[in-house]
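Everything below concerns the one structure shown next.
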Amino acid sequence: MDKFEKLARWFSYQIKLEDRFNRKIPKVKVCRGDIYSCYLGENIGHEKSKLEGRPCVVISTDKINTRSSNIIVIPLTKNIKYKDGSTKLLRYEWNYILYKSKYPLKYDSMAQCEDMRCISKIRLGAYIGHVNTKDMENLKKRLKITLQI
């Protein structure tokens, strides 16, 4: 499928999502640390794209998650990048691995903190699981590195 076909398919899906939003489909309760399958769509350049659902971790505060129709997520990828010659050290210090042995993920997955984004809750698909406190603390450290705060 070429880029034009992917964009056309994504546009069609966006219309369905917009219709769900306009019909005010009941929203699920979303909590910080939840992992959902998210429909991020066909995007530009190296932005995370996927017409099907991509696992994402919710990182926005529970106050935002309750009061806003938008949330902030970090996409996950199965393409884990290690430093040259290493099988344990990640290439970038702002990435973090969530292991399928701990979470109901299909693959060991790398959280890409540099790709965090704000999305509408309407983009949420299936609930996958919830990140434990220790891993959330490690994700927060990676976010601080990403944002230099």
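All of the numbers you see were taken from the coordinates with simple rules; none came from a lab. Nothing here was measured: the structure is a model prediction, and the numbers come from that model. Here Cβ is always computed from backbone atoms with ideal geometry, including for glycine, and neighbour counts include all displayed protein chains.
For a Förster distance of 22 Å, can you work out the FRET efficiency between the beta-carbons of residue 107 and residue 87, rounded to the nearest 0.05? Can you show the working numbers first?
Working: r = 16 Å, r/R0 = 0.72.
It comes to 0.90.
Give me the net charge for the shell around residue 91: Cβ to Cβ below 12 angstrom, other residues only, Lys and Arg +1, Asp and Glu -1. Write out the running numbers ahead of the final one.
Numbers: positive: 81, 83, 88; negative: 84, 93, 114.
Overall, the nearby charge balance is 0.
Label residue 141 and residue 80 with points 7 Å out from Cα along Cα→Cβ: what is the distance between them in nm?
About 1.7 nm, to one decimal.
Assigning unit charges at the beta carbon (Lys, Arg +1; Asp, Glu -1) and nothing else, what dipole magnitude in debye, to the nearest 20, does segment 72-149 show about its Cα centre?
Details: 16 positive and 7 negative charges, 23 e Å.
Rounded to the nearest 20 debye, it is 120 debye.
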